[in-house]
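Have a look at the structure below, then the notes.
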Amino acid sequence: MNDMRILERDVETNAIKIAAKGVQVFYGDTHAIKDVDVDIQDKTVTAFIGPSGCGKSTFLRCINRMNDTIDVARVQGDIRIDGEDIYDRKVDPVQLRAKVGMVFQKPNPFPKSIYDNVAYGPRIHGLARNKSELDDIVERALRNAAIWNEVKDRLNAPGTGLSGGQQQRLCIARAVATEPEVLLMDEPCSALDPIATAQVEELIDELRQNYSVVIVTHSMQQAARVSQKTAFFHLGSLVEYGETGQIFTNPEDPRTESYITGRIG
Amino acid sequence: MALGLTGYVVFAVLLLTVGVFFMARGKARSSVGGDVRVLHSLPSYYGYNAAMFTAVPALGVMLIWMLAQPMMIENAVFKLIPDRIIEEGSSRGLVMSDVRRVAEGLDVAVAQGALTSDEAASIRSDSTDIRSLLGEVGVALGSTVDSEVLFAAQEYRNQSAGGLFWMSVIVMGLAIVGGSISISVTRAEFRARNVVERGALVLLILAASLAILTTVGIVLSMLFESINFFRLHSWTDFFFGSSWAPNFRGDSDLSILPLLWGTLYISLIALLVAVPIGLFAAIYLSEYASPKVRAAAKPLLEILAGIPTIVYGLFALLTVGPALVRIFGRGDDGLLGVEWMSGATAVLTAGLVMGIMLIPFVSSLSDDIINAVPQSLRDGSFGLGATHSETIRQVVLPAALPGIVGAVLLAASRAIGETMIVVLGAGAIAKFSLNPLEAMTTITTRIVSQLTGDTDFASPETLVAFALGLTLFVLTLGLNVLALYIVRKYREQYE
Ligand SMILES: Nc1ncnc2c1ncn2[C@@H]1O[C@H](COP(=O)(O)OP(=O)(O)O)[C@@H](O)[C@H]1O
Ligand SMILES: [Mg+2]
C-alpha cells in the first residue's frame, strides 16, 4: 500500500451532494442498516469499506432506491440528493435511477451489441432526438469510460464477447450514458484481474471530475488508492467517516483500526 | 410337471443365494477373528459378492436357455412334419401351432391324470381318439389329430423335457460352483467392495442399453413395415399425391399430404393459443407473482398438465365443439346468425383444446428459462432507470428468446404427435382447406383408424399406418433435436 500518496493527496472541499439522516433498513426482521448519517460530497470519490455482510451494498442501494425491487426490504429515514428527498412520494424511483447510475459487482452487459448496451438508457429515457444524436451520446459515454478506442471498430459486436475488464468499463459507459449526477459502484473490480482493476481505478479517478462517485470495496488498498473520503461500516452501523488519509493513518475508533490492521475480517 | 421343475430350480437358486450370502459374510467375519476393521470391505460386501456370483450367472443362463430352447426344439420338430399333411391354404406355421397345441394338451392330460406320462409318450392316433381325449380335459382341437402331428407333438414334449432337465442341471451346477468359488475367495484382503461396485455398474449399463435397444427396435420394426408398404404402394403417391382415399378393395389413394396439412393446421392453431397464454403466464409467475401466488399457481398449472388427453378430447367433443357451433353455426338460431359450422368436430375445436393442453407445457418450460436469466441483468436494467415491463421486454425476453423458441418447438412436436384430442375433436375428412370451421383429419387419427377394426397386415391400406407413423416420428424427432440443441446452446450462454 502506498501510504505516502494518501498523505500528500489534497482534498478540496465540495458541496454536499447526498445527505443521509437516520437511515434504517430492514430485510424482514433483519436490521441491516442501523441509524446511518452521512454527507457525501459532489465531485468526490467516497469509499464504503467494512467486513462483508456489514451493510455496505444495502446502504448503497438505498441511494438509488434499488432496495425497492426487493420485496422484503424496508427503508426508513431521510436521504436527500441536492436537497430533494428521494423517498418522497412525488419521486418516481425509476426516474431517480437514471439520475443515480449504478455499476455492479459482476460485469452484466446485456446480451445485445456494444452500441445497444450503451444506447439502452438514452433510448428508454428518450434522451436523443435522432440517430446521430444517439451516436454522439454513445461515443461520448464510451470515451468517458475509457473504452472507445478498444471498441470503436466493433460497436455491433455483442457486449458479452468483451473481456471482463472491458465489460465492466462498458457497464460504466452504459451508466454514464444516461447522464447521471451520482455513480454508485458496488465492488466494481472484485471480478477483475489486476490489470483490468488498474484500468477501472484510473477511470474512477477521471469520473470524479464530473460525478459524485460512491464505491463499495472490500479492498482497503483500493479504497486508499481511489477515494478521497472513506466510510467504515461495521454490523450495520457507520462507525467512522472522514478523509481517506485520516481513516487509514489515524483512525479514531478502535474498530476501524482493528479492521484496517486486519483484525476484523 | 414342466413348469414346476423350472419353479423349483429358481427357488433353489434363490435359497442357495441367501445361504451363500450369510456364509460368505460369516466367513469374512471369522477369517479376521471378528475384528471387522481388518477386512478390506464391510462384511456384508463379501455376502453381496457371493450372492451375486451365485444368482447372476445361474439365472442369466436360465433366462437365455428358456428363450432359446423353444426355438431350437421347434426347428428340430419342424423337419418331422412331412409336406403331405400341409393342406391347401394352410402353412407349415399353422401345422406347427397345431403341434404345440397337442403337446400342451398332452401335458394337461398328464397333469389331470387322464393319461400316465408313459401313455402320453406312446399313444398312437390310430388306436386312440386324441381329439375327444383332449376335449375331455378341456383342450379343444379344431380337427382330428394326424398321426404325424401327434408324433411331432410327442417328440416336442420329449425334447422339451430333456432340455428342461439339462437346463436344471446346468443352472444348479453354475449356482453351486459360483457360490463355492466366491466363498473360497472370501479372505480379508479380497476387495469385495470393488467387485460389488462393478456389479452395480454392469446392472446400470444393462438398464441403459435395454432402453436404447428398445427404441432402436421400435424404429426398426416401423422401418420394416414401412418398407413393406412401399413395396405395395408407390412412394410418389404417398409423399406427393393429393388425396387420401383408402379403399379396402385396393387401388387406394394414400397420400400423406392432406393429413400433414390437417396436422400442421391444427398444431398451428394450438400454438397460437398456447404460446401467448403460456408465455404471459410464465412471465407473470416468474417476474411479478409473489412467492405465495407462485406456490399456489404453479401446482394448479401442473394439474392441467396431468389431465389425460382423452379427457381433453371429451372436452373438445362435448363442450368446445358445441359452443363453437352455437357461435358460428345454426343459422339464425346461432349467436352470430351465420351457418359456417355444421358439426362440433372442426380444426378450430381440436386446435383450441390442444392449445389449452399445451399451456402448462409452454408456461413451465418458459418459466424455467426466464428464471435462468441472471438477476444481474435485471438489476442492470433497473439500475439504468428502466421499468419492470421495459426490463422484461428489452432485456429478459431477448435474453431468454432462444430458450423460448426451443420451448415452442417442443410444444409443436407435442402438438403434431397428439392423438386423442384430434381423434375426438378434429373429424375424419382428409382435405386441403383453409377454413378452420371445417372438419379435417390428421396423421395420428388416420393411423388409429387404419389399424382398428378388421385389419389385414398384408394390404397397403393397413401398412400405410407404419409409413405414416415413421414420417411422424421423423418429424417430431427432428423438431425435438432442433429444440434441445437451441435450449442447450442457450443454457451454455449463462454458465
Ligand atoms: N435481499 C436480501 N434479503 C434478506 N437479507 C439480505 C438481503 N441482502 C442483504 N441482506 C442481509 O443484509 C445484511 C447486509 O448485507 P449487504 O448489504 O449485502 O452487506 P455487504 O455488501 O456489506 O457485504 C446481511 O446480513 C445480509 O444477509
Ligand atoms: Mg456487498
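For residue A:97, state whether it is open to solvent by 50 Å² or more (accessible area, probe 1.4 Å) and either out of contact with any helix residue (DSSP H, G or I) (no Cβ under 6 Å at 6 or more places or on another chain) or within 14 Å of chain B (Cβ to nearest Cβ) (or both). No, not satisfied. Any chance you could count how many residues in the range A:184-217 are hydroxyl-bearing (Ser, Thr, Tyr) and away from ligand 1 (no atom under 16 Å from the Cβ)? Count: 3. Return a yes/no flag: does the range B:350-368 have any residue that is in the same structural domain as residue B:404 (by TED's automatic domain parsing), modelled with pLDDT under 90 and closer than 30 Å to residue A:119 by Cα. For the range B:350-368, residues in the same structural domain as residue B:404 (by TED's automatic domain parsing), modelled with pLDDT under 90 and closer than 30 Å to residue A:119 by Cα: present.
Please indicate, with yes or no, whether at least one residue in the range A:71-78 is surrounded by fewer than 22 Cβ atoms within 10 Å (Cβ to Cβ), among the acidic types (Asp, Glu) and in contact with a strand residue (DSSP E or B) (Cβ under 6 Å, 6 or more places away or on another chain). Yes, the range A:71-78 has at least one match. For the range B:1-48, residues that are more than 27 Å from residue B:173 (Cβ to Cβ) and basic (Lys, Arg) total 2. The condition of being away from ligand 2 (no atom under 16 Å from the Cβ), open to solvent by 60 Å² or more (accessible area, probe 1.4 Å), at positive phi and touching a residue at least 12 places away in the same chain (Cβ under 8 Å) holds for only one of A:179, A:243, A:202, that being A:179. Does any residue of the range B:349-362 turn out to be in a helix (DSSP H, G or I), surrounded by fewer than 23 Cβ atoms within 10 Å (Cβ to Cβ) and among the hydrophobic types (A, V, I, L, M, F, W, C)? Checking the range B:349-362: at least one residue is in a helix (DSSP H, G or I), surrounded by fewer than 23 Cβ atoms within 10 Å (Cβ to Cβ) and among the hydrophobic types (A, V, I, L, M, F, W, C). Restricting attention to the range A:47-106, the residues that are more than 23 Å from residue B:289 (Cα to Cα) and more than 16 Å from ligand 1 (Cβ to nearest atom) total 20. Counting residues in the range B:67-89 that are within 30 Å of residue B:180 (Cα to Cα) and open to solvent by less than 50 Å² (accessible area, probe 1.4 Å) gives one or more. The numbered conditions (1) more than 14 Å from chain B (Cβ to nearest Cβ); (2) away from ligand 2 (no atom under 15 Å from the Cβ); (3) closer than 25 Å to residue A:143 by Cβ are all true for residue A:215 except (2). Going residue by residue through the range A:42-56, is there one that turns out to be within 13 Å of another protein chain (Cβ to nearest Cβ) and either small (Gly, Ala, Ser) or without any contact (Cβ under 8 Å) to a residue 24 or more places away in the chain (or both)? No - not one qualifying residue is present in the range A:42-56.
Within the range B:378-409, the set of residues being open to solvent by 10 Å² or more (accessible area, probe 1.4 Å) and within 10 Å of another protein chain (Cβ to nearest Cβ) comprises B:378, B:379, B:382, B:387, B:388, B:390, B:394, B:398, B:401, B:402.
Scanning the range B:229-270 for residues that are more than 28 Å from residue B:411 (Cβ to Cβ) and in a helix (DSSP H, G or I), we see that the one that is most open to solvent (accessible area, probe 1.4 Å) is B:231. Within the range A:113-132, being within 7 Å of chain B (Cβ to nearest Cβ) and charged (D, E, K, R) holds for no residue.
Do we find a residue being under 30 Å from residue B:331 (Cβ atoms) and more than 14 Å from every other protein chain (Cβ to nearest Cβ) anywhere in the range B:356-365?
Checked against the condition, which is being under 30 Å from residue B:331 (Cβ atoms) and more than 14 Å from every other protein chain (Cβ to nearest Cβ), the range B:356-365 yields at least one hit.
The values are calculated or read from the model by the stated rules, or taken from the named source; none is laboratory data. Bear in mind the structure is a predicted one, so any value in this text is a computation, not a measurement. Counting neighbours? That spans all protein chains shown, and the Cβs are built from the backbone with ideal geometry, glycine included. Quick note on the areas: whole protein, heavy atoms, side chains included, nothing else; ligands and nucleic acids left out. Shrake-Rupley method; radii C 1.70, N 1.55, O 1.52, S 1.80 Å.
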